[in-house]
1. State which residue pairs qualify: first residue part of a helix (DSSP H, G or I) and inside the stretch 10-32, second residue of a type in the set (D, E, K, R) and surrounded by 11 or more Cβ atoms within 10 Å (Cβ to Cβ) in any location, beta carbons under 6 Å apart, and separation of 6 or more residues or different chains.
2. Only residues that are assigned to a helix (DSSP H, G or I) and among the acidic types (D, E): list them for the stretch 33-46, please.
3. Of the residues in the stretch 31-48, how many are exposed (fewer than 12 other Cβ atoms within 10 Å of the Cβ) and within 25 Å of L5 (Cβ to Cβ)?
4. When N61 is evaluated against the numbered criteria (1) exposed (fewer than 11 other Cβ atoms within 10 Å of the Cβ); (2) assigned to a helix (DSSP H, G or I); (3) not charged (D, E, K, R), which criterion, by number, is the only one it fails?
5. For L52, are the conditions met, namely being surrounded by 10 or more Cβ atoms within 10 Å (Cβ to Cβ) and either among the hydrophobic types (A, V, I, L, M, F, W, C) or in contact (Cβ under 8 Å) with a residue 60 or more places away in the chain (or both)?
Amino acid sequence: MIEKLFSVFGLNGIHRVGMIVSVASQVVKTFEQEFAQDHDGKNAAIDAIVELLLKHKDLTNPPAS
């Protein structure tokens with residue numbers, strides 16, 4: 001995964017790669033803590049995050065926040 005990110009952003013994109021890995025780590029840690037006893041809830045939350053990211057992936061003009 002990290003190699004793919006470096007191939008996209010280049011070695012000078014280490015800050016972007018670090019940010020992506022850090023965010024992913026925080027999401028995984030949150031799911032481990034919040035859904036430790038709720039496997040179905042964890043799967044539903046992961047599915048929702050994946051769907052959200054996939055919808056955002058191909059947006060050409062992301063909405064302003």
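1. F31/K42
2. First pass over the stretch 33-46, keeping only residues assigned to a helix (DSSP H, G or I): 33-34, 39-46.
Passing the criteria: E34, D40.
3. Residues in the stretch 31-48 being exposed (fewer than 12 other Cβ atoms within 10 Å of the Cβ) and within 25 Å of L5 (Cβ to Cβ): 3 in total.
4. Unmet for N61, out of (1) exposed (fewer than 11 other Cβ atoms within 10 Å of the Cβ); (2) assigned to a helix (DSSP H, G or I); (3) not charged (D, E, K, R): (2).
5. Taking the combined requirement at face value, the residue satisfies it.
Laboratory data are not the source of any read-out in this text; all were calculated from the coordinates shown. Everything numeric here is computed off the predicted structure, so don't read it as measured data. No Cβ is skipped: glycine too gets one built from the backbone with ideal geometry, and neighbour counts run over all protein chains shown.
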